[in-house]
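Accompanying notes for the structure given below.
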Amino acid sequence: MGKKKNRPLPQEMEMPPGGADSHAHLDFETFSGELDQVLDKARQCGVSTLGQVFLGPGAYAKGHEYFSAGTGVFFILGIHPHEASGLDTATAQKIYSLARSDPRIKAVGETGLDFYYNKSTPREQKKAFLTQLELARDLDLPVVIHSREAAVDTLQILKAMGLKDRKLLWHCFGQDLETAREILRNGWHISIPGSITFAGNSLLREVVKEIPIDRLLLETDCPFIAPEPYRGKKNEPALLVFTAMEAAHSKGMDPGELWQICGDNCRGLFGVSRTD
């Protein structure tokens with residue numbers, strides 16, 4: 001039998017309170033029955049703020065009551081590009097109404113373009129993307145962008161919509177340095193996932209070096225993209241500490257300092273306060 005891998009525990013990283021996981025999917029079935037434990041563990045590891053993404057009004061209706069007030073959790077609501085074909089007028093109106101009625105909904109998203117899987121056609125994706133950008137503008141809320149194999153088209157649409165210097169987060173960044181520079185030139189923020197820890201991902205580490213610290217956020221995108229040394233396992237907010245450690249190493253910063261600055265960036269962008 002192979003020797004069991006001895007992984008350090010996230011609690012052992014001793015991060016201070018103030019961290020923020022800007023993008024998580026804790027309503028997914030994989031977390032069923034263990035949400036309280038996952039949130040408690042995250043707090044023990046210094047995660048004070050968490051952005052819970054609901055992929056559509058149905059997901060929100062089913063899951064929002066599981067997150068009690070005072071947990072440091074805020075909501076992001078939108079239609080993923082995979083489901084773009086399902087964004088009709090009634091669904092868009094429902095997103096608008098929910099965002100107006102629930103103050104915990106702080107952003108529209110994740111929305112954008114995904115030409116890697118093309119689960120909805122490019123035309124359907126662009127239509128849904130434009131609709132949600134208009135919703136975000138009408139609601140005066142930040143927008144959270146998903147873009148995979150579609151950076152050129154995504155940027156073109158964002159600029160055509162006149163969103164320069166508006167509150168916008170490019171989530172789960174995995175593109176090249178020039179794309180990052182173009183995002184930054186437009187005054188937007190970039191969120192870094194656990195893939196920065198992967199040995200073969202030197203490009204993302206180079207990108208992080210160039211992102212100004214006041215534009216940088218961290219995320220898990222859990223249950224996906226667990227960082228080393230948990231790569232291949234189910235991701236969760238507590239594991240964000242390993243992403244922060246690698247980002248800090250890339251920028252030559254103290255990990256605790258980067259952790260708290262990125263947390264403050266998240267809270268500032270989405271208009272939420274610390275709960276600890």
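What to note about this one:
- Given R0 = 35 Å, the distance between the Cβ atoms of ALA90 and PHE224 translates into a calculated FRET efficiency of 0.75.
- Aspartates and glutamates whose Cα lies under 12 Å from that of LYS62, excluding same-chain neighbours fewer than 8 positions away: ASP27, GLU29
- Among LEU177, LEU135, the order by Cβ neighbours within 10 angstrom, fewest to most, reads LEU177, LEU135.
- Longest site-free stretch - the chain; sites: chymotrypsin sites (Phe, Trp or Tyr not before Pro), DSSP loop, at most 16 other Cβ within 10 Å: 29-114
- Candidates GLN125, GLN11, GLN156: whichever shows maximal mean-square fluctuation once the chain is modelled as a Gaussian network with Cα springs under 10 Å: GLN156
- Here the range 123-183 and the range 24-43 have alpha carbon centers that stand 28 Å from each other.
- Over all other residues within a Cβ to Cβ distance under 10 Å of ASP264, the charged ones net out to +1, with Lys and Arg as +1 and Asp and Glu as -1.
- Surrounding net charge for PHE31, when Lys and Arg each add one and Asp and Glu each subtract one, Cβ distance under 9 Å: -3
- Taking the number of Cβ atoms within 10 Å of each Cβ as an exposure proxy, the fewest-first ranking of VAL272, VAL152 is VAL152, VAL272.
- Calculation over all alpha carbon pairs of the range 150-274 in 10 angstrom steps from 0 returns a P(r) of 13, 45, 34, 8, 0 percent.
- In the chain, the longest principal axis of the Cα atoms and the axis of helix 255-270 are about 20 degrees apart.
- Equivalent ellipsoid semi-axes, the range 36-103, via Cα gyration tensor eigenvalues times 5, rooted, Å: 26, 13, 9
- Compactness index (Cα Rg / 2.2 N^0.38 Å), the chain: 0.95
Read-outs: derived from the displayed coordinates by stated rules, not from any lab. Everything numeric here is computed off the predicted structure, so don't read it as measured data. Heads up, the Cβs are rebuilt from the backbone with ideal geometry, glycines too, and the neighbour counts pull from every protein chain shown.
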